[in-house]
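A short reminder: the numbers here are calculations on the coordinates, not readings from a lab. Note that the structure is a prediction, hence the values are computed from the model and not measured. A quick note on method: Cβ atoms are made from the backbone with ideal geometry, for glycine too, and the neighbour counts reach across all protein chains shown.
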Amino acid sequence: MKERLLQLFELFRSARAATRITLVMSTVAVLAVAGLSSWYASRPDLVQLWSGLSSAEAANYKRALAQARISFRSSPPPENGIWVDISDRDQAEAQVALGDYVPSAKGIQVTDGGVDSAFLSARTRDQMADKREWQECELQLERLNFIERATVCSSSQNHSAFATDEDVTISVTLGLRHGFMLDDAQGRTVATLVRSRFNVPLENITIVDEHGNLLHDGSDSIGGFSGEDLYAYKRRYDLDAERRANKSLEMALGKGMARVTVNSVWSYDEFESIKESAVPKDSAPYYVESTKKDVAGASSGSGGPAGVSSNITQDFGNENAAIGAGEAAGSSSTSTTDVTRSVVGRTTEHRLSRTPLITRLNVALVADDSVAASLTKLEGLVKAAVGFDATRSDYFESFTTPLASIERDEEGTPVLPEAPLPLEEPNQYLELALEHGVELIAALAFIIVLLKSLRGAKSTKAEAAAAAATQAAKAAEEAENIDPELLAKAQVEELVRSDPEKVSEILASWATASEEHAGAA
């Protein structure tokens, strides 16, 4: 091993400067990567197993982990979260499960009923029913990926026959997941879910997080919108109206020849209308009857006693034995009676509008003096672009003046900017070079270093062969100048020092050979 290291060191010393620099930099890079990898691998990968624990539960869980010698980290109240290394996750859960720690229930305990439920008061029953609704809403909110836990409660309702029932208010406390921050849209989403669950307006809902940050305040909202939302809505409308009008002016006159500014005034009041009618407009009758009657004229013949004809019915005729048939009858007429009966009731229509409405639109138009002749047409163009309505008391102001942003010649005539030249299509090879430039430079540098290393290795081999030949010649010359007896003596001493057993074998073989020679003689 030592000889190998010496050979490598000799090769490194005999290499060229560029090769040695490359080898040193490569070795340093490999060592740095290995050190960084080992440091990153030794870092604990913590995961959160529990959160939202009470102080007693957190103490029990920490005691169980400490008894099992499991490293953990914890957060202070009210979160009381516990983190462990991901490799110890299963062992930590098993250790806590073996301790039989049951999380304590919060708020009102919802029982399953039984005999003792018959002795509960009406107030307690209402609280238990509300608790079930709160828990269902909490489970629904915890389904969202940015909510770790949720606590929901509502105000109590005191129903009385002598007072008007007050509106229910809902308060929500959210525990967000690590790394999440709620924006206005997410806060409104939570408020909408709560509103749909309890059927209350958004103004009666308040949402905060566990750090005391107000996420949604119903008292500051107008029709479900906060003040910031309403201002942003107005600003977007004004910018969009200005963009449309300025785009039309730029297409008609050129860039910078006229400018429009829009300022809208909004009404955020809720509009409610109720319409009532005594009879429904399209109600169908429930009874229809049509009667047709034929009425005969007065008779001229004699009959029975006076007043008899007025006291008998029309069905009394010739078949009646009491009175005989009369003489010739007079003229007859036909009457038709239609009877239609419909439902008499009331129709009520209730409309509630929460959409903000524009009450006034203020528009200002500034144009250059060179387009003063077309100012009337420009006003009509701008009014159509921004949605100007004269019946809504909108205000429009326009005037012309020499604009400082326009370049003019010596006579004061505006100089329009030159049309931009068409852009040439970029070269495909240049795009490829720009897109893959780093890769090409790295490959070229690698090829140059490789060629230098190969050339240095060839020169190193040639130099090493020349050095070996020179050393061999020097050794041969020195061997010729050395006394053979001294050389033999030195070799024998080296052999005795390094391998004494070999010397014993040589001496034994010599003794055996001398005895055989003496016997033969």
On a full-extension model of 0.36 nm per residue, what is the gain between S498 and W510, subtracting their alpha-carbon distance, rounded to one decimal in nm? 2.3 nm
State, to one decimal in nm, how far the label point of L454 lies from the label point of L23, with both points 7 Å from Cα in the Cβ direction. 1.9 nm
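Using the reciprocal of the averaged 1/r over all distinct C-alpha pairs, how large is the Kirkwood radius of segment 376-425 in Å? Write out the running numbers ahead of the final one.
Values: mean 1/r = 0.0677 Å⁻¹.
In segment 376-425 this quantity evaluates to 14.8 Å.
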Two-decimal ratio, segment 1-95, of alpha-carbon radius of gyration to 2.2 N^0.38 Å: 2.01
Quick one: check the C-alpha center-to-center distance for segment 383-416 versus segment 136-157, whole angstrom. 56 Å
Quick check: residue separation of L434 and T169 times 0.36 nm, minus the Cα distance between them. What number comes out in nm? 89.2 nm
Quickly work out the T391-to-L8 label distance, labels modelled 7 Å from Cα along the C-beta direction, and quote it in nm with one decimal. 9.5 nm
Under the 7 Å Cα-to-Cβ spin-label approximation, K377 and K474 lie apart by a distance in nanometres of 10.4 nm
Please give the FRET efficiency for N199 paired with T359, using the beta carbon to beta carbon distance and R0 = 41 Å, rounded to the nearest 0.05. 0.80
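State the percent of C-alpha pairs, over all pairs in segment 34-80, separated by a distance greater than 14 angstrom.
Working: 642 of 1081 pairs.
Of the Cα pairs, 59 percent sit more than 14 Å apart.
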